[in-house]
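For reference, the structure discussed in these notes is given below.
The values are calculated or read from the model by the stated rules, or taken from the named source; none is laboratory data. The shown structure was predicted, so the numbers you read here are calculated from the model rather than taken from an experiment.
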Amino acid sequence: MFVLKSELMFRIPNIVPKSELLQMKSDLFPDAVMSRTAKNLIGPQLAKHRTHLAMSQSEFAGLCQRSGWDVSRETLAKIESGIRCVTDLELVEISSALKLPLPVLFPPGEQHRFGRKMTQ
């Protein structure tokens with residue numbers, strides 16, 4: 001059976017075995033450190049940068065709330081542990097609150113994918 005990698009997220013149950021999808025996922029992100037249950041790539045990087053700034057999750061949640069993103073400490077914990085997905089808008093909020101460029105939030109082996117300029 002042939003399935004395009006771009007169809008990875010649109011799996012139709014019982015057509016593509018889960019083991020094949022996991023292999024395609026690892027092909028798409030070969031350098032990323034991802035468990036089978038990870039729902040985001042930025043969680044460990046967020047935790048690293050937040051702790052580097054000597055901020056607790058509660059303090060970081062407060063900083064995000066003051067900037068307009070209503071997020072709880074519990075939600076940040078889920079993001080950092082990879083349990084919760086992160087939307088594009090949330091990613092921008094996190095980047096802004098940490099005062100870091102977006103690519104820095106991705107795993108080191110993946111930063112080049114997200115930092116290049118797009119041409120039309």
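Results, tabulated for the structure shown:
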{"read-out": "Hey, MET34 in a helix (DSSP H, G or I) and at pLDDT below 95 or not", "value": "no"}
{"read-out": "Number of positions in the stretch 75-105 that are of a type in the set (Gly, Ala, Ser) and in a helix (DSSP H, G or I)", "value": "4"}
